[in-house]
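**Student:** After the structure tokens below, expect a handful of questions from me.
The values are calculated or read from the model by the stated rules, or taken from the named source; none is laboratory data. What you see is a predicted model; the values in this text were computed from it and never measured. Backbone-built Cβ (ideal geometry, glycine too); neighbour counts: all protein chains shown.
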Amino acid sequence: MKKEEERLETEVRELLKRAQKADEEEDSQFGKNRKGDELPHELAFRESRLKRIKEAKEALGDGSKAGSGDSQSIGQKACWNARRQGST
């Protein structure tokens, strides 16, 4: 029984070391207490998400009505417009 307990304690210590190392790597990559899958700041709140969705839908609608021979896809135009409006 003693050997099994020691084996389990060693296993738990090793798992905790690996978890700590992974946490430190994530902190250095994404920042403390972040996982890397958070929404961008401008999409973090409902109001701003709704605004972005409306802007993208508008851009998609405008692009399809224009019927221009532009080589950019409608999706690319929508992304570009949303980013451009967000950065002003």
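**Student:** Restricting to the stretch 53-88, and then to whatever is at pLDDT below 75 and basic (Lys, Arg), can you tell me which residue is nearest to the chain's Cα centre (by Cα)?
**Tutor:** Taking the candidates together, the pick is ARG83.
Matching residues to (1) touching a residue at least 24 places away in the same chain (Cβ under 8 Å); (2) within 27 Å of ARG83 (Cα to Cα):
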residue	(1), (2)
LYS2	no, no
GLU11	no, no
LYS21	no, no
GLN29	no, yes
LYS32	no, yes
LYS35	no, yes
GLU42	yes, yes
GLU55	yes, yes
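**Student:** Could you look through the stretch 1-52, keep only residues that are outside any helix (DSSP H, G or I) and of a type in the set (A, V, I, L, M, F, W, C), and pick out the one that is modelled with the lowest pLDDT?
**Tutor:** Ranking the qualifying residues of the stretch 1-52, first place goes to ALA44.
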